[in-house]
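Student: Have a look at the structure that comes next, please.
Any read-out appearing in this document is the output of simple, stated calculations on the displayed coordinates, not a laboratory observation. These numbers come from a predicted model, not from an experiment. We place every Cβ from the backbone using ideal geometry, glycine too, and count neighbours over all the protein chains shown.
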Amino acid sequence: MGKHLIAILFRPRKTLERVLTERRLDRSRGTTWLLIGLNVLVMFVFAVFFFRFVDRNREPAFYFEEELLAHLAMWVVFGGLLIGSLTYALVTLGLGRVFFSWIVRIGLRISAHDHYPTDPEHRKENGRLLRLIHPYTTWINFWPKLLSILLAPLLLLLPGYAMMLDPEAPIHLAPSAMVATYWVTLGLWCVFIFLQVGMWVYMIIARTIAIQKIYGIGAGQAFWGPLLLYGLLLLAGVAICVFLVLLNNLLGGVAPYAPDPTPDFSSHLGL
């Protein structure tokens, strides 16, 4: 299970050929659950380090009730992070298998309708193979996110973040520490952005190779069919968001007329 995740980062074509030859759908499901578990585990480690950092550096509350509420709020946020992480992983990795298969099949009906199989059993088998390769290709784009979350607590060791929470920090050290913290954080953020974009492109290439092998079509058809459908769905999502924002502005911009509950009668009384 794990060897395919490592091998696809260095030899995507041979790894995908091996996966499609073995056709182990049970192993693919196990890999999906492995990635879901890794996502929750990494978020758990991040949350533990982050909240210990906040609790160690924040100013203690004067009253016991405020201290209790602060700890309760931290536990609520901690549980929310874990539940949100699990939900995100289930949607992107679990339901993502079905969504990816559906997107590719609809897109290929548009871009490669002449080569699209007409036999229902053949179509069903190709859909199963698309779900088979999904976790392995997703891993290419998934591991930089896990790495960035796992390494994020190391940034908390920089002095600038501790000074944000510590009111007794030395004033003369604050400017230089904050500037150093800013540039180190910005540099690491840029590195991970470039890494994420590179792995995203690498994932698209690997998926194009897999679609070519499953359907026996050209690289252009395997690339543009799903990509165009993804683009159409993205445009539809943006259009819906813009429509909702405009609708909210129109409905919220016109205030209903409300009479003054305490009218002023001073003018009638000659005051």
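Student: Quick check: the distance between the Cα centres of the range 85-121 and the range 206-246, to the nearest angstrom?
Tutor: What the calculation gives is 10 Å, centre to centre.
Student: Oh, and also: Place the peptides 30-41, 200-211, 128-139, 226-237 in order of packing, highest mean first, counting for every residue the other Cβ atoms within 10 Å and averaging per peptide. Please list the in-between numbers first.
Tutor: Numbers: 30-41: 17.7, 200-211: 19.3, 128-139: 22.8, 226-237: 13.7.
Going by the mean number of other Cβ atoms within 10 Å, highest first, we get 128-139, 200-211, 30-41, 226-237.
Student: Shifting gears a bit: Go through the range 231-243 residue by residue and turn each phi into a ³J(HN,Hα) via Karplus (6.51, -1.76, 1.60, θ = phi - 60°); whole Hz please, and just put x for glycine and proline.
Tutor: x, 5, 5, 5, 5, 5, x, 5, 4, 5, 4, 5, 4
Student: Quick one: Karplus J couplings for the range 87-93, per residue in order, coefficients 6.51, -1.76, 1.60, θ = phi - 60°, nearest Hz, x for Gly and Pro?
Tutor: 4, 4, 5, 5, 6, 6, 9
Student: Right, something else. Could you pull out every one of the lysines with an alpha carbon less than 22 Å from that of residue 213, ignoring same-chain neighbours closer than 8 positions?
Tutor: 3, 14, 124
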